[in-house]
Amino acid sequence: MKKEFETLVESSQLLKDMVDLKEVYWTNPKLGKYDEIKGKLPVKEEEITEAEKRLERFAPFIAKHFEDTVERKGIIESPLKEIPNMLEEIKKEDDISGKLLLKMDSHLAVAGSIKARGGIYEVLKHTEELALENGLIKEGDDYSQLASEKNREFFNQYTIQVGSTGNLGLSIGITSAKIGYKVIVHMSQDARQWKKDLLRSKGVIVKEYESDYSLAVKEGRALSDADPMSYFIDDENSKDLFMGYAVAAKRLEKQLAESNVLVNEKNPLMVYIPCGVGGAPGGVAYGLKAIFKEAVHIYFVEPTHAPCMLLGMATGLHEKIAVTDIGIDGLTEADGLAVGRPSGFVGGVMDYIISGIFTMEDEKLFHYMRMLNSSEDVQIEPSACASFIGPAKLLEFEDSIKYLKDNNLLESKDNFTHIAWATGGNLVPKEIMESYLQK
Ligand SMILES: *Cc1c(COP(=O)(O)O)cnc(C)c1O
């Protein structure tokens with residue numbers, strides 16, 4: 001542990017438990033009423049609408065490039081599925097009431113993870129800028145014409161770079177290479193071999209680092225900044241990524257209405273999202289809060305070995321502290337969550353938005369993975385399974401119960417609609433999924 005943080009840890013039971021790798025729950029003391037806090041945020045609701053419209057403009061282009069998006073006419077969206085058998089299985093172990101739904105971003109087209117939202121959005125935004133500046137299209141045009149061989153050659157003059165633990169690299173690599181860009185993905189040590197292999201098979205340059213995620217990002221950023229023809233997608237600071245993720249909330253609102261799920265303060269949504277650096281869960285959380293306000297309660301989940309957002313938010317130090325600073329190793333089987341230092345930009349917004357954070361042991365990832373597989377025949381990757389600890393433990397931690405009491409929610413617990421956000425899985429090769437399920 002770094003000397004400067006010793007007294008900080010000594011003075012906090014939460015931090016001591018985190019250092020001991022115990023599963024913890026933390027309630028966010030700064031959560032505010034949405035209409036009172038929204039003016040303080042560095043993001044605006046209009047930006048979500050702008051992102052939604054941009055994705056609609058690009059839909060014909062996406063449909064032309066990616067066959068698996070044709071059915072939905074180029075709109076990349078995932079099913080919302082009720083999972084009653086999984087609920088029954090969880091009930092055998094824990095106290096849970098209400099309904100349980102799975103938001104299956106694990107099965108998003110193109111990238112097979114939640115990164116198909118933010119990652120693809122930022123690549124498209126950059127593409128639109130280049131195309132307008134260089135006269136390839138003008139406002140109001142049908143963007144499908146951008147998907148031509150001639151335009152692929154144009155985009156090939158440019159490079160896109162990104163640092164990734166795996167899935168962001170997959171999403172950005174797959175899309176950018178198809179559009180025509182040169183792509184360099186800077187992978188941290190946690191990235192799985194199959195993700196690197198898949199990217200290389202698409203012509204993407206994969207640089208591997210012996211170090212953690214923050215260093216892969218730093219290196220990538222420096223190399224990209226030195227090249228005027230290169231654009232860096234910055235997972236730690238990007239507002240564009242964040243807005244791409246936030247659009248999920250508008251789509252979810254429609255799906256809930258279509259499924260006749262009533263949402264109000266007495267029939268609240270309880271949403272659980274696995275968190276790495278924070279961008280994906282943060283964007284979704286912001287979007288949901290802007291729509292549902294006090295009728296939604298959002299919880300992040302992190303591994304006990306990499307609770308970076310919790311550390312940043314609970315200490316108020318955000319990106320100025322890393323889990324390794326207090327002697328936590330950052331090593332976890334949940335490769336998408338293997339991040340030691342959170343995004344300061346996202347943490348600053350989440351200060352006002354999320355209700356709390358749960359941490360969980362790696363072992364349970366595989367437990368829930370098997371449970372979901374056997375009860376619902378749905379396969380998702382280990383990181384995505386983190387979301388189930390939330391609904392399972394909401395009525396078990398003293399502080400999570402206290403939050404429900406303080407917000408007059410305990411008496412409505414039978415009306416809860418729990419949404420576990422399945423963040424990835426569809427591109428995992430069959431034999432690797434099989435080995436996870438044997439674990
Ligand atoms: C990226 C990712 C997350 C978390 O997103 P962050 O933006 O890193 O917080 C969660 N689950 C999976 C499967 C991911 O790929």
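We did not get these values from a lab; they are worked out from the coordinates using the rules stated. Just so we're clear, the structure is a prediction, and the values are computed from it rather than from any experiment. Every residue, glycine among them, receives a Cβ derived from its backbone with ideal geometry; neighbour counts consider all protein chains shown.
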Segment GLU88-SER12, extension gain: residue separation times 0.36 nm, minus the distance between their alpha carbons: 23.7 nm
Cα-based helix-to-principal-axis angle, 279-292 vs the chain, degrees rounded to 10: 70 degrees
Neighbour-count order for THR423, THR165, fewest beta carbons within 10 angstrom listed first: THR165, THR423
ASN134 versus LEU262: modelled label distance in nm, points set 7 Å from Cα along the beta carbon direction: 5.5 nm
Helical mean residue ellipticity (222 nm; -39500 (n - 2.57) per DSSP H run of 4+; nearest 500) of the chain: -13500 deg cm²/dmol
Alpha-carbon Debye profile of region 45-166, log10 I(q)/I(0) at 0.13, 0.14, 0.15 Å⁻¹: -0.65, -0.72, -0.79
Calculated FRET value between ARG152 and GLU67, using beta carbons and R₀ = 22 Å, to 0.05: 0.85
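Taking the Cα centre of the chain as origin and charging only Cβ (+1 Lys, Arg; -1 Asp, Glu), how large is the dipole, in debye to the nearest 20?
Computed charge dipole of the chain: roughly 740 debye.
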Neighbour net charge for ARG341 - beta-carbon separation under 10 angstrom, K R +1, D E -1: -3
Within straight-line cross-link reach of LYS2, lysines at Cα separation under 19 Å, skipping those fewer than 8 residues along the same chain: LYS16, LYS320
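Against the globular-protein guess of 2.2 N^0.38 Å, express the Cα radius of gyration of region 84-148 as a ratio, rounded to two decimals. All intermediate terms of the calculation are to be shown ahead of the outcome.
Numbers: Rg = 20.7 Å, N = 65, 2.2 N^0.38 = 10.7 Å.
Normalised Rg, Cα atoms only: 1.92.
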Beta bridges by DSSP in the chain, antiparallel share as percent, to the nearest 5: 20 percent
Loop-resident sites, region 118-161, for trypsin sites (Lys or Arg not before Pro), counting at most 16 other Cβ within 10 Å (DSSP): LYS138
Within region 1-103, GluC sites (Glu not before Pro) in DSSP loop having at most 14 other beta-carbon neighbours inside 10 Å: GLU71, GLU93
Cα→Cβ-extended label distance, 7 Å offset, between GLU45 and LEU21, nm: 4.5 nm
Ranking of HIS126, HIS418, HIS297 by count of other Cβ atoms within 10 Å, fewest first: HIS126, HIS297, HIS418
Virtual spin-label span in nm between SER211 and MET229, 7 Å along Cα→Cβ: 2.8 nm
